[in-house]
1. Test residue 66 against the criterion of being farther than 14 Å from residue 82 by Cβ, touching a helix residue (DSSP H, G or I) at 6+ places or on another chain (Cβ under 9 Å), at pLDDT 95 or above and not aliphatic (A, V, I, L, M), and give yes or no.
2. Tell me which residues, restricted to segment 95-127, are within 15 Å of residue 2 (Cα to Cα), in contact (Cβ under 8 Å) with a residue 24 or more places away in the chain and of a type in the set (A, V, I, L, M, F, W, C).
3. Tally time: how many residues in segment 35-51 are outside any loop (DSSP other than H, G, I, E, B) and either open to solvent by 90 Å² or more (accessible area, probe 1.4 Å) or closer than 18 Å to residue 76 by Cα (or both)?
4. How many residues are loosely packed, with under 11 Cβ neighbours inside 10 Å, over 25 Å from residue 120 (Cα atoms) and of a type in the set (A, V, I, L, M, F, W, C) if we restrict to segment 11-34?
5. Would you pick out the residues in segment 4-21 that are over 15 Å from the mean Cα position of the chain (by Cα) and either of a type in the set (Val, Ile, Thr) or assigned to a helix (DSSP H, G or I) (or both)?
6. Inside segment 46-94, can you point out the residues that are over 23 Å from residue 15 (Cα atoms) and in contact (Cβ under 8 Å) with a residue 60 or more places away in the chain?
Amino acid sequence: MMLKVAQLLTARQVVFEWNVVGHMNPQLKQLVESKENARYEDCHIQFLGYQRPEALLEILCSSTLYVHTAYIENSPNSICEAQCLGVPVVSTNVGGISSLVHDGQDGILVPANDPWQMADAIIQLASHPERMQSFSKNGCEVALSRHSDSQIKQQLLACYDAITK
């Protein structure tokens, strides 16, 4: 879906750079490019490979948006990390992501496998800096609360308490 979204953004003459941290199997990359009749590099997608935590922090902090295009997901740490750093999130609404991102409050959720809605959400959010700032602030507040030591300890103790009764 990432390549399809990037193709749509490129066709609409959106100026962007999509940095992907991690590794993509070269055979899979070639297969996807062949199927989509497009190259990642020609659609402004750069694979940065694995990064040290410091470099990842720098990459996230310099990002305008965090885009998550998963078909299947549970509770991705990458979304939580982006939120904790105040990076607005646009994501597919799969698995447990809706428990992390509240559509219209601290991010945008789109249906899985819908590159057109994803591209539109990216364009709409990027063209409204005040909305991006609101999502950044709201997402950061919620994420920092959700991941605070005291909150985690309290939830864990509540679980143990419920089990032992």
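1. It is false that residue 66 is farther than 14 Å from residue 82 by Cβ, touching a helix residue (DSSP H, G or I) at 6+ places or on another chain (Cβ under 9 Å), at pLDDT 95 or above and not aliphatic (A, V, I, L, M).
2. Selection gives 112, 116, 118, 119, 121, 122, 123.
3. Going through segment 35-51 one residue at a time, the tally reaches 2.
4. 1
5. If the condition is that a residue be over 15 Å from the mean Cα position of the chain (by Cα) and either of a type in the set (Val, Ile, Thr) or assigned to a helix (DSSP H, G or I) (or both), then 4, 7, 8, 9, 10, 11, 14, 15 are the ones that fit.
6. 71, 80, 83, 84, listed by residue number.
The values are calculated or read from the model by the stated rules, or taken from the named source; none is laboratory data. This is a predicted model, so every value here is computed, not measured. FYI the Cβ positions are ideal-geometry reconstructions off the backbone, even for glycines, and counts take in every protein chain you see. Protein only, heavy atoms only, side chains kept; ligands, DNA and RNA dropped before computing areas. Shrake-Rupley method; radii C 1.70, N 1.55, O 1.52, S 1.80 Å.
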